[in-house]
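S.K.: Here's a structure for you.
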Amino acid sequence: MAIERTLAIIKPDAVGQRLAGEIIKHIESNGFSIIAAKLAWMTKDEAGGFYSVHKGKPFYPSLVEFMSSGPCWVVVLEASGAIEKWRAVMGATDPAKAVDGTLRKLYGTSIQNNCVHGSDAPETAKFEISYFFSELEVVSPKSER
């Protein structure tokens, strides 16, 4: 499988509960390289722009409100098959339906407050990474330098 990049967000609920360190440990223990990271507190406009694909859906207003309610860690992950692999580590959107040991099962409390976000496709990952990071902020592997 090819080396891919994906965006991960440790959401405001997890940051507020001081779970970022545990989630980072989970990320690293599952073989991901963290190639960019920053703490961000999105405005409602920024959260709305990031989740614009969901505009018009019933959950959109509460999602924007939630994602702008506190700081989150925005992280670029790299690994073989990173997108699919990260989605497996996160677990189902609904923590009640997530597999034991996944981040959402361990730390999520609701469909909205599910502690982490991940890109769902290569095109989405490209958009999401560029939403938060410039190319200068993403550490390239030594082979690309």
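The values are calculated or read from the model by the stated rules, or taken from the named source; none is laboratory data. This one's a predicted model, so the numbers in the text were calculated from it and none came from an experiment. A quick note on method: Cβ atoms are made from the backbone with ideal geometry, for glycine too, and the neighbour counts reach across all protein chains shown.
S.K.: Which of the residues that make up region 70-88 are over 15 Å from Lys11 (Cβ atoms), out of contact with any Asp or Glu (no Cβ under 6 Å at 6 or more places or on another chain) and among the β-branched types (Val, Ile, Thr)?
M.R.: Val76
S.K.: Name the pairs: first residue in region 48-69 and farther than 16 Å from Asp13 by Cβ, second residue assigned to a loop (DSSP other than H, G, I, E, B) and of a type in the set (Ser, Thr, Tyr), Cβ to Cβ under 9 Å, at least 6 apart or on different chains?
M.R.: Matching pairs, first to second residue: Gly48/Ser68; Tyr60/Tyr51.
S.K.: Name the single residue, out of those in region 119-142 being among the aliphatic types (A, V, I, L, M) and modelled with pLDDT of 95 or more, that is surrounded by the fewest Cβ atoms within 10 Å (Cβ to Cβ).
M.R.: Going through region 119-142, the residues among the aliphatic types (A, V, I, L, M) turn out to be 121, 125, 129, 136, 138-139.
With modelled with pLDDT of 95 or more added as a condition, the list becomes 121, 125, 129.
Numbers: Ala121: 11, Ala125: 21, Ile129: 23.
So the residue we want is Ala121.
S.K.: Looking for something more than 14 Å from the chain's Cα centre (by Cα) and of a type in the set (A, V, I, L, M) - is there at least one such residue anywhere in region 46-62? Write out each step before concluding.
M.R.: Quick first cut of region 46-62, residues more than 14 Å from the chain's Cα centre (by Cα) only: 46, 48-49, 52-62.
Next, only the ones that are of a type in the set (A, V, I, L, M) stay: 53.
Yes: region 46-62 contains one or more residues that are more than 14 Å from the chain's Cα centre (by Cα) and of a type in the set (A, V, I, L, M).
S.K.: Exactly one condition in (1) part of a helix (DSSP H, G or I); (2) within 15 Å of the chain's Cα centre (by Cα) is not met by Glu65; state its number.
M.R.: Going through (1) part of a helix (DSSP H, G or I); (2) within 15 Å of the chain's Cα centre (by Cα) one by one, Glu65 breaks only (2).
S.K.: Being in contact (Cβ under 8 Å) with a residue 60 or more places away in the chain, in contact with a helix residue (DSSP H, G or I) (Cβ under 9 Å, 6 or more places away or on another chain), surrounded by fewer than 19 Cβ atoms within 10 Å (Cβ to Cβ) and aliphatic (A, V, I, L, M) narrows it down to one of Ala92, Ala40, so name that one. Walk me through it before giving the result.
M.R.: On the way: Ala92 fails: in contact (Cβ under 8 Å) with a residue 60 or more places away in the chain.
Answer to the check: Ala40.
S.K.: Now for a different question. I'd like to check something: does region 46-62 contain any residue that is aromatic (Phe, Trp, Tyr), surrounded by 14 or more Cβ atoms within 10 Å (Cβ to Cβ) and closer than 13 Å to Val116 by Cα?
M.R.: At the first step, the residues of region 46-62 found to be aromatic (Phe, Trp, Tyr) are 50-51, 59-60.
Right, trim to surrounded by 14 or more Cβ atoms within 10 Å (Cβ to Cβ) and you get 50-51, 60.
Subsequent filtering for residues that are closer than 13 Å to Val116 by Cα retains none.
Checking region 46-62: not a single residue is aromatic (Phe, Trp, Tyr), surrounded by 14 or more Cβ atoms within 10 Å (Cβ to Cβ) and closer than 13 Å to Val116 by Cα.
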